[in-house]
Amino acid sequence: MSVGKSKKLIIFGTGEIGSLAKFYFTQDSAYEVAGFTADEAYVGREHFEGLPLVPFSRIVERFSPDKFEMHVALSYNKLNQVRAEKYCAAKALGYRLASYICSKSVSWPDLCVGDNCFILENQTIQPAVRIGSNVMIWSGNHLGHGCVIGDHTYISSHVCISGHTEIGTHCFLGVNATTKDFVKIGDRVFVTMGALVTKDIAPGSVVVGAQGEVYSADSKISVSLKKKYFNL
């Protein structure tokens with residue numbers, strides 16, 4: 001059910017994530033979505049989802065950061081690097097980056113969340129959790145007490161992050177991945193679907209399978225998997 005709207009929002013992105021962001025912000029936030037923006041190469045029409053679509057190079061002219069906030073609604077391409085770049089570009093123009101946290105989840109008043117996060121329904125978020133900026137968390141996850149999620153990270157559905165886990169920046173955790181409590185996952189780590197993390201993981205590594213096999217950043221398997229899934 002829609003709620004009263006007191007803020008105006010521009011969404012960066014004209015793909016599936018952009019459409020979903022419009023739906024969630026419209027149905028379950030204080031924001032009214034006023035338009036969309038994207039890089040010039042992705043603007044071949046004047047409207048998207050029935051709203052104005054303005055090239056990012058001209059967005060300030062049409063939707064001033066004094067009156068509108070922005071949400072960068074992009075996925076995990078280049079291991080979240082593309083989303084991170086657009087996040088920084090929007091902030092450089094003076095936009096406040098809005099976060100969406102679905103009301104259909106469980107959390108506590110001490111939850112700390114950065115800007116431009118997109119956190120969907122059915123999360124169980126325990127006390128003392130800290131989530132950085134520009135983080136995407138899909139539906140149905142467990143975030144254990146005291147865990148920390150770094151900036152520009154993507155967490156898929158039905159991931160179990162045990163208590164006091166620390167996850168670095170630009171990471172990706174696949175569907176049904178699980179972490180042991182008190183582990184530390186470095187920056188730019190790819191935890192594949194169904195993988196089990198039972199020990200600290202060095203930056204750039206790839207973790208594969210229920211046995212939690214770890215491949216270093218420069219291994220052929222890591223390079224191949226990151227190229228396949230993230231176009232790196």
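Collect the residues in the range 64-98 that are closer than 24 Å to residue 230 by Cα and part of a loop (DSSP other than H, G, I, E, B), keeping them in residue-number order. Correct list: 73, 74, 75, 76, 77, 78, 79, 80. Evaluation of residue 103 against the conditions (1) free of Cβ contacts under 8 Å to residues at least 24 places away in the same chain; (2) small (Gly, Ala, Ser); (3) part of a loop (DSSP other than H, G, I, E, B) shows that the sole unmet condition is (1). Residues considered: 162, 224. Of these, the only one that is more than 28 Å from residue 86 (Cβ to Cβ), among the polar types (S, T, N, Q) and out of contact with any helix residue (DSSP H, G or I) (no Cβ under 8 Å at 6 or more places or on another chain) is 162. In the set (1) surrounded by fewer than 19 Cβ atoms within 10 Å (Cβ to Cβ); (2) closer than 19 Å to residue 116 by Cβ; (3) of a type outside the set (Val, Ile, Thr), the condition left unmet by residue 38 is number (1). Going through (1) of a type outside the set (Ser, Thr, Tyr); (2) more than 14 Å from the chain's Cα centre (by Cα); (3) modelled with pLDDT of 95 or more; (4) in a loop (DSSP other than H, G, I, E, B) one by one, residue 45 falls short only on (3). May I ask you to list the residues in the range 42-83 that are surrounded by fewer than 19 Cβ atoms within 10 Å (Cβ to Cβ), charged (D, E, K, R) and more than 18 Å from residue 32 (Cα to Cα)? Listed by number, the residues that qualify are 45, 46, 58, 61, 78.
What number of residues within the range 1-42 satisfy the criterion of being at pLDDT 95 or above, in a helix (DSSP H, G or I) and either under 11 Å from residue 69 (Cβ atoms) or of a type outside the set (D, E, K, R) (or both)? The qualifying residues number 10. For the range 55-67, which residues satisfy the criterion of being touching a residue at least 40 places away in the same chain (Cβ under 8 Å) and either on the phi > 0 side of the Ramachandran plot or more than 21 Å from the chain's Cα centre (by Cα) (or both)? The answer is 59, 63, 67.
The values are calculated or read from the model by the stated rules, or taken from the named source; none is laboratory data. Here the structure is a predicted model, which means the values were calculated and not measured. Virtual Cβ from ideal backbone geometry, glycine too; neighbours counted across all protein chains shown.
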